[in-house]
1. Ignore the peptide's own chain and count Cβ atoms of other chains within 10 Å of each Cβ in A:142-152; give me the average, rounded.
2. Can you pull the mean other chain C-beta count within 10 Å for peptide A:122-134?
3. Between A:R79 and A:W222, with labels modelled 7 Å along Cα→Cβ, what's the label distance in nm to one decimal, could you check?
4. Which FRET efficiency value, to the nearest 0.05, do you get for B:E203 and B:D80 by plugging their Cβ-Cβ distance into 1/(1 + (r/R0)^6) with R0 = 56 Å?
5. So for segment A:136-239, taking the charge dipole from beta-carbon charges (+1 Lys/Arg, -1 Asp/Glu), which of A:T200, A:V190, A:T178 sits furthest toward the positive end?
6. In the structure displayed, which of B:K123/B:K199; B:K73/B:K123; A:K177/A:K217; A:K217/B:K84 lie more than 24 Å apart, Cα to Cα?
7. What percent of all Cα-Cα pairs in segment B:189-323 falls in each 10 Å bin, counting up from 0?
8. Evaluate peptide A:65-77: per residue, the Cβ atoms of other protein chains within 10 Å of its Cβ; return the mean as an integer.
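Computed from the coordinates by the stated procedures, all read-outs in this text should not be read as laboratory data. Values in this document were obtained by computation on a predicted structure and should not be read as measured data. Because the Cβ atoms are built from the backbone with ideal geometry, glycine has one as well, and the counts that use them run over all protein chains shown.
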Amino acid sequence: MFSSRACMALVCVPCKIQRCIAHESRSIITMRLNQTFRFISLLPATLLIVPALLLGTSSNGSAHPHVWVDYSLEARFDRNGLTGFQHRWVFDEMFSSQIMEMFDADSDGFFSPEEIEEVRQGAFAYLREHNYFIHIKIDGHDFTVQYVQDFHAAIDGHQVIYEFFVPCTVAAVATPKTIHLLVADMEYFVDMSFLDGGLTIQGREFVDVEHEFASGKAFSFWGGSWTPEYFTLRFHKTS
Amino acid sequence: MKTFTTVLAAVLFCLLFLGPAWSQNPFLTPPGQGQKPDQADHSNLDRNQGEPRARPRPTPTTGPKITPPFFAKIAALQRDLRQKITAYAREIQEKPWGRATWQLMALSLVYGIVHALGPGHGKSIVCSYFLSRRGTMKQALLFGNLITATHILSAVIVVLGLSWFMGRANIAAFHSVEGRLESVSYLLIMLVGVFLLGKTILEWRTTPQEHTEDCSRASTRDMLTLSLATGLMPCPGAALILLFTLSLDVFWAGLLAMVPLALGMGLTASALGVFTVGSTGLALNLSRRSKRTFILAHRIMACLGALVIIVLGASLFFGMRFS
């Protein structure tokens, strides 16, 4: 009695519902997928924004060099071992002109002892706050530079030169001692660069010493992304 | 509103005089309170090696505030450029209006481009503003140049003012003024950020969903305010050139060099601005296919940009006090 069409309809009702549900859910899934895709497609654009922001915001207002210094060093030894390091800092002309402007009151191109004392108080002593930009490790242990000696300032042509001694006594024994020395301003207002061939050693007769200027593990920052060059001195008592 | 402006003006005025009167130059910056500078009597500590070791100071473990090697390259380039600038300035001293004058101008342009690549100089403000507000390429060019122009103009005014009142200006005097202006500038940046965030949230809550086809646009008024707030802090790089030429008695050449310097720095800042406008535009266009994503994307960016401005201002403001 049933017509084939009705039969088909009967059979197909649950089927249709099922298909309908399947279609619905598929469309929801597609929608979700589309949304996710759109979010993912946003990523490259976001990736473009991030470096722009990072470049812009990477650091604070004036943390880039405004003073340039060429430094050279003398490591001094006596019969007991290392006594310390004599530093010589040569300033760039622009900052030099300002130091002269402020402290060479008589503009005679020469710093008198009184003027040197003024330079020390007004444009050097504050560096103690930054350990004079000197970072020392003795056999891996930090040695903090708290004071310096024999400060001297001079004018050479258009440039100002600071000279001072950093005491750091390390006894020389039979087993080798290792000293790492980094000169750098961590705030990066001052750019410290080592003058080629600027390391001399005084008192070679007392110790066997070898040295190198290279980057390595002793001073490595930002998970190794900044590895500045520093000095490594290895010495032991001459037998 | 009027009362608020008056109070704000009063606070800023006080800050100008009570604020820290120094900048970051480590050679000329007195140590923070409670810490004594190096005294002559330290020289007799040398016999007592134990003493300095007894109070160890924090050794650098966090690393410098730079991200080398990119910045190291910039620094090396700046060093060369600055050396050339000093050489040309000396030549100008010998022979005004000679070839050196034009070389100095050309060099200042290059120096400006390179100098502005370093941190600071309002680039971050330009970028975060265009993240927060949708701008056009023209606006990016305008904002980038405006912000560096005020930055340099401020240096010119400070140096001129100092030489006017003191006879001869020097870097220490400049830093003392810079330090005061800095704190005011950072506070203003923070306030503008808060204002932008507040405006974003207000728009968000008052505009019904169906009307949010368009996102908040950059306005000249905002850009002008931000330029004044950021540029208030004088550019130390520009000041050094000015002071150097002043000490050589060729101040006019230094002043003239400020124009190409500002243009060069403006080029860098506006290039970054154009880049941000382009990438935020791209992000928003991609999200435009779905209205919800679009609204979400632009709201997130609007808030994020304003937040970055607040965080920048705050970290600089409090950073310089408590660091």
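1. For this peptide, the per-residue mean of nearby foreign Cβ atoms is 5.
2. Going residue by residue through A:122-134 and averaging, the value is 5.
3. With each label point 7 Å from Cα toward Cβ, the separation is 4.9 nm.
4. The computed FRET efficiency comes out at 0.70.
5. It is A:T178.
6. A:K217/B:K84
7. Going from the shortest bin to the longest, the percentages are 10, 29, 29, 19, 9, 4, 0.
8. Taking all residues of A:65-77 together, the mean is 3.
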